[in-house]
Amino acid sequence: MTASNDETVTTWQESIAELQSLLDASLEDNRDANLQLSSLCSTIIFEFDESPPESVLTAVRTIYLRVLLNLGEYSKVVEFHSKNNDGSTNNTLEVAYALYRLRKYDACRKLIVASISNADATNIVDEEGSSSNNATDRVLMHIHAQTLYRLGETNEADQLYSKILYNTNSEEDNAMDADEREDTLSNALANRIANYTPGTMLQQDGTSMVSWLEEDESIRQLIESYGEGGGGEEVGDEGEEEEMLQNYDLAYNLATYMLVSSDARSQSQVVQAKSLLEQAEKSALTILESSSPAEDEEDDGDADPADNGEEKQKMQLLAEREAGPIRANLALANVLLGGEDNEMDALRTYLTLLTKTAKSGTEQGNLLATSSNNLALLRDGKESVFDVLKRIPITSSLSVSENGVSDSKNGGKKKKDKGGGVSIVPLVGATPQQVRTALFNRALLFAKMGNATGCMEALDVLRASLLVSYHGDDSKASRSGFATSGKGKKKKTPTSSDDVPTARPSSDAEIAAWKAQADWLESELVRISESKDKNSDDILQDAIASLDKTTDAITNCEESGALLHTKSQLLLHKAALANPELNADGIIGSLESLPLPVQSCPGTKVTLASLYGSSNNDEKAEQLLSDLGNDIALAEFRLERGQYQQAVDLLEGIVEEQGSEAPMEVRAMLVKALSYTDPEQAEEVAESLLEATSVELDGEKLETMEIPRFAKKAGDSSSKVRKTIAATGGGKGRVRAGERKKKNRDAILRKRAKQREAYLSKLEAEGRYDPKQNTKPDPERWIPKSQRSYNRRGRRSRNKGTGAQGGGAGAGMEKDAAKLDVAARLAANDGQSCGPSTANMKVSSSGARKGKGGRRR
């Protein structure tokens with residue numbers, strides 16, 4: 001080795017000593033120190049004539065690769081491994097992480113699988129499926145699970161997360177700590193969210209499946225502590241810090257999983273999810289805004305106040321960015337809970353998020369897309385179909401497997417072509433569940449518009465995407481939606497396999513379920529368009545037959561939930577077409593024809609019981625509700641049927657059993673039932689109910705609430721936001737945009753009567769009106785004022801040009817009538833003419849008058 005200066009080390013032993021001193025300095029986060037470590041390790045590995053022992057080289061190689069990872073030189077890690085992998089060393093962990101960061105997911109999985117297959121029983125996984133407790137192996141399993149998630153193989157990733165969490169011996173020194181466990185749970189929940197299909201949690205007995213995640217003790221404690229709103233109660237300044245939710249990511253993912261799978265959950269679980277999100281938002285804002293690095297450093301008097309303010313502002317922006325997705329899911333919870341107030345809150349939240357994220361460019365593109373899609377769901381039926389369609393995001397060929405950033409320079413802002421085209425809201429980096437939802441929504445809206453071509457193209461893309469989970473490591477998939485052609489117009493269909501969005505469900509059964517939904521929409525499109533090429537009934541029947549065939553073929557009963565759920569939807573749609581009048585008997589027959597697991601669902605039983613009750617079949621209705629075991633529903637049914645004493649007995653039993661935890665609706669129903677049987681006791685229960693429902697307004701919470709603020713710039717998209725809020729907010733009932741709410745007729749009459757009374761009172765005070773005197777109207781009110789008898793002006797010419805113009809009264813009218821009374825004139829002149837007769841006069845000719853000067857001009 002050639003020395004460059006006097007201080008250059010000459011032996012590998014000296015280099016090792018220097019390397020050890022750098023490692024002891026704990027400067028891994030310092031780039032300069034990492035560069036120095038990289039250079040030193042490279043020298044030890046390649047440049048000494050006398051090679052160090054193999055054990056030393058192995059340790060130095062590992063240090064070198066990890067230093068390259070710290071520097072972000074992932075390609076160098078892979079290149080070093082490919083050139084120096086002689087089989088004597090094993091740096092699978094470092095190389096796998098580098099491949100993962102380079103998005104070479106296929107290569108990463110192959111490397112890890114090869115490492116597992118070559119390992120003996122003491123390594124990652126043995127034949128019995130037990131796991132090593134080595135922390136390094138556990139990290140490799142984490143990378144493996146995340147790689148499977150990116151590849152769309154979510155079922156395999158779910159199984160691997162279960163092994164990571166439950167095959168670890170907590171008694172060892174390298175056991176998983178609480179933070180690592182919570183992060184693993186959070187990743188496992190995100191994996192379940194990414195590829196959920198409605199109905200997958202339906203079991204053969206009609207109940208919802210409880211996953212291993214929901215049975216975890218940490219998840220249960222989180223729901224008990226914060227899902228019921230307990231974490232939000234302030235217990236003083238000291239206790240408030242203890243109640244703060246530290247890992248808000250875990251709470252956010254848990255609540256999101258509960259909302260995504262809301263088809264299998266009760267309303268109380270949706271309320272729990274909303275409470276978790278409220279706590280997560282509060283914690284995210286509090287923790288991030290209070291964790292400014294400038295505050296952690298010691299105050300040496302040299303700190304620049306401007307730098308501290310800038311750092312604090314950055315942390316506040318980061319907190320707002322973290323709170324954005326939480327607020328979007330809070331709005332989704334409000335939509336699922338229903339009600340006018342909840343829908344208005346959701347509307348305001350989505351509009352505010354769209355305004356903020358549109359200004360941030362592609363940095364929060366996925367939040368912009370999901371908020372726009374959910375807002376379209378909320379506005380469907382309240383806006384034109386075309387306006388709703390513009391909100392549906394454009395699916396990209398990229399999915400969660402390629403977290404790319406859209407090449408669009410508009411940052412997801414709305415852009416129109418010459419034909420007033422569709423808004424460009426790219427859905428980049430989306431999960432398979434989001435891609436499938438966006439594609440199906442787009443096809444559905446095209447069908448509602450009567451656009452058969454657009455609907456079929458969207459369905460073709462959806463069907464193709466159900467078979468693609470990953471494009472491959474060397475794919476050149478478009479990053480900005482489907483390929484463009486022409487003058488800025490987007491192609492509606494993919495041009496190659498790389499342009500197909502990746503949205504493959506978790507199992508073949510779920511693929512069949514989604515295909516059946518696409519067939520159902522196609523059949524409805526054929527029926528609406530009255531196409532003669534296809535028969536809508538045949539398409540629908542073939543879809544049901546395909547579901548039955550897939551159900552018979554699967555061996556795992558747990559996979560049949562999505563098939564049965566989808567088949568029920570198709571059967572109900574078919575029954576609705578056959579029974580347009582929707583009579584009770586027809587609906588009962590349709591519900592009883594559903595698959596047995598769906599008939600066993602609580603919702604189906606309650607609906608059937610209600611229909612039996614409306615058909616005066618109380619015996620079957622009570623039997624269904626009794627089998628269901630829902631005493632509240634049974635008590636409500638007995639109240640409707642007038643069985644008040646039986647309802648009182650049932651409700652009192654619920655209150656005695658649950659005590660103070662009894663739902664408020666149970667006590668309210670008890671008051672109603674007692675009002676018919678024991679009014680005095682009903683008053684006592686009502687008073688206790690009022691005491692328990694005391695409302696405390698939190699002023700600080702109101703002050704910290706977000707108020708949507710919009711720019712007043714002309715042409716800004718925020719003007720549309722203000723118009724939408726103004727058109728839909730505040731009053732009772734829905735008002736469409738551009739329409740004025742009609743005033744109540746009774747209110748108008750009351751207002752007029754009040755104004756009349758005030759005016760008459762004023763006249764009476766001025767002496768111009770006497771309510772006791774019955775004033776007669778002016779008989780000359782139909783004659784112009786200038787011609788009335790009491791008008792002094794124009795007396796000389798008052799009789800000129802007068803005549804009857806519609807009747808009247810007074811002297812003017814009498815004179816006109818006298819002129820026309822011939823009998824009166826003859827009587828006054830004794831029967832003689834009152835003027836010269838014209839009987840003997842000659843009629844003048846029609847010739848022109850002649851004169852000296854010719855014709856007068």
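The values are calculated or read from the model by the stated rules, or taken from the named source; none is laboratory data. Owing to the predicted nature of the structure, the values given are computational and were not obtained by experimental measurement. Glycine gets a Cβ as well: all are built from the backbone with ideal geometry, and neighbour counts include every protein chain shown. Surface accessibility is based on the protein's heavy atoms, side chains included, excluding ligands, DNA and RNA. Shrake-Rupley method; radii C 1.70, N 1.55, O 1.52, S 1.80 Å.
On the basis of the beta-carbon distance and an R0 of 45 Å, T607 and A553 show a calculated FRET efficiency of 0.90.
Within the shell defined by Cβ-Cβ distances under 14 Å, the residues around I554 carry a net charge of -4, with Lys and Arg each +1 and Asp and Glu each -1. For M209, the residues 5 or more places off, or on other chains, whose built amide H falls under 5 Å of its own are L202, Q203. Note that the range 520-606 presents 55 Å² accessible area per residue, ligands and nucleic acids not counted, probe 1.4 Å. Pairs from the list K274/K356; K282/K314; K515/K620 with a Cα-Cα gap above 26 Å: K515/K620. With the simple model of a label 7 Å out from the Cα in the direction of the Cβ, K776 to H573 spans 7.9 nm.
Test of understanding: what is the full-extension gain from S531 to N118, defined as 0.36 nm times their sequence separation minus their Cα-Cα distance?
Numbers: separation 413, 0.36 × 413 = 148.68 nm, distance 6.01 nm.
The S531-N118 span can extend by a further 142.7 nm.
Modelled label positions at L377 and K754, each set 7 Å beyond Cα in the direction of Cβ, lie 4.4 nm from each other. Distance between the modelled labels on V139 and R825, one decimal in nanometres: 12.7 nm (7 Å Cα→Cβ projection).
With all protein chains kept in place, the per residue accessible area of the range 319-376 amounts to 34 square angstrom at a probe of 1.4 angstrom.
Computed with a 1.4 Å probe over protein heavy atoms only, the accessible surface of the range 250-291 comes to 32 Å² per residue. For the residues D216, D533, D627, D778, a 1.4 Å probe over the protein chains yields an accessible-area ranking, largest first, of D533, D627, D778, D216.
Beyond 22 Å between alpha-carbons counts as too far, so tell me which of K390/K448; K359/K382; K605/K672 fall in that bin. It would help to have the intermediate numbers written out before the result.
Working: K390/K448 14 Å; K359/K382 26 Å; K605/K672 25 Å.
Listed pairs above 22 Å: K359/K382; K605/K672.
Close amide H contacts of I394 (hydrogens built in the peptide plane, cut-off under 5 Å, sequence separation of 5 or more or a different chain): V425, L427.
Maximal additional length on extending the R641-E217 stretch stands at 148.3 nm, based on 0.36 nm per residue less the C-alpha distance. Converting phi to 3J(HN,Hα) with the Karplus coefficients 6.51, -1.76 and 1.60 and the offset θ = phi - 60°, the range 370-384 yields 5, 5, 5, 5, 5, 5, 4, 4, 6, 8, 4, x, 10, 10, 5 Hz in sequence order, with x at every glycine or proline.
Under a 5 Å amide H cut-off, with hydrogens placed 1.01 Å from N, V468 pairs with A503, R504 among residues at least 5 apart or on other chains.
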